[in-house]
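Worksheet: the structure to be examined is printed underneath.
Nothing in this text is a laboratory measurement; each read-out follows from the coordinates by a stated rule. Please read all numbers here as calculations on a predicted model, not as lab measurements. Here Cβ is always computed from backbone atoms with ideal geometry, including for glycine, and neighbour counts include all displayed protein chains.
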Amino acid sequence: MRDARMVWIAGMARAGSMWTFNVTRALLRRDGRRVMPEQVPAREQATVALARTVLAGSDCGAAWVFKTHLWFQPLPPRSLFITPRRDARDTLISYMRFMRTDFDAALEAAVQNAGLHDFYAAMPAGLRLAVDYRDIRDAPGRVAAGIAGFLGLDLDAAACGKVAQEFDRTRVQRAISDHERGAGGAGGEAEGILIRSCDGSERRFDPATGFQTGHVSDYIDGDWRTLLSPGQIARMHEALGPWLERNGYPDEPPDAA
């Protein structure tokens, strides 16, 4: 592995970051590395606190992999960053469904998502690998191979393809369902239960992978055209149009949607 102590899956939410996180950890393990943390923090605050502890401690030789949707200033030393990206219109719908929130809150989150992507996209060359959600969806083995190459791992395309297969859509959905059926206890984060702030509903969280209720859905990219009203589409394009254009996602006027 390259001279790095931490690998951060950083940037946009609802853009394949949890898939990227798990694939990165699996690739490192396949390369013979000890991957930490063993239990995935359920909250951003816990992730930050753990990372600070690691930075302040001695180097134990482990490869630490974290996922975050926060801005880090200054950037953690000896870190590499993998930044998934997705059409912000699709992240809006995905967030609205995952968090069970309304359009206004989802639009605000999408604007923040776009800004978060731009923050990490401005990082120094060589420290960041950009991953597009379309490639995660359509060519996961190639994405896994790109991650392995970026990290300097001694893995061939076949090994990377096997790792990608471990986290294909069907397997992840089955693992989430199995975890939900097997989860017990009285509740609370210690039992892997998170509460949505918008409606008080529960999400089951698997500390081994970080996958949780709602991570896989039947949404198809581009369905925002039929799921949103013309007025909502107009507001979305007004807020996100420049970002969409800069990042190669064609903006569409309301009458084209």
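General observations
- Residues of region 83-103 with amide N under 16 Å of a point placed 7 Å along Cα→Cβ from PHE119: 83-85
- Computed from Cα atoms, the angle from the helix 230-246 axis to the main principal axis of the chain rounds to 50 degrees.
- Residues whose amide H falls under 5 Å from that of VAL131, counting only those 5 or more places apart or on a different chain, are THR83, ARG85, with hydrogens built in the peptide plane.
- Subtracting the Cα-Cα distance of LEU227 and LEU127 from 0.36 nm times their residue separation leaves 32.3 nm of extension gain.
- Crossing angle, helix 17-30 versus the chain [Cα axis fit, 0-90 degrees, rounded to tens]: 20 degrees
- Region 6-256 - share of DSSP beta bridges that are antiparallel (%, nearest 5): 20 percent
- Rounded D (µm²/s) - the chain, Kirkwood Rh over Cα pairs, Stokes-Einstein at 37 °C, 0.692 mPa s: 171 µm²/s
- Peptide packing: for 158-166, 43-51, the average count of neighbouring Cβ atoms within 10 Å per residue gives the ranking 158-166, 43-51, highest mean first.
- Taking the longest Cα principal axis of the chain as reference, the axis of helix 44-56 is set at about 30 degrees.
- The charge dipole of the chain, taken about the Cα centre with unit charges on the Cβ atoms of Lys, Arg (+1) and Asp, Glu (-1), comes to about 800 debye, rounded to the nearest 20.
- Annotation: peptides 109-115, 78-84, ranked by per-residue average of other Cβ atoms within 10 Å with the highest first, follow the order 78-84, 109-115.
- Computed lengthening from ARG137 to ASP102, 0.36 nm per intervening residue step minus Cα-Cα distance: 10.0 nm
- Relative contact order of the chain, defined on C-alpha pairs under 8 angstrom at six or more residues apart (%): 23 percent
- Simple label model, 7 Å out from Cα along Cβ direction - ALA46 to ALA158, nm: 3.9 nm
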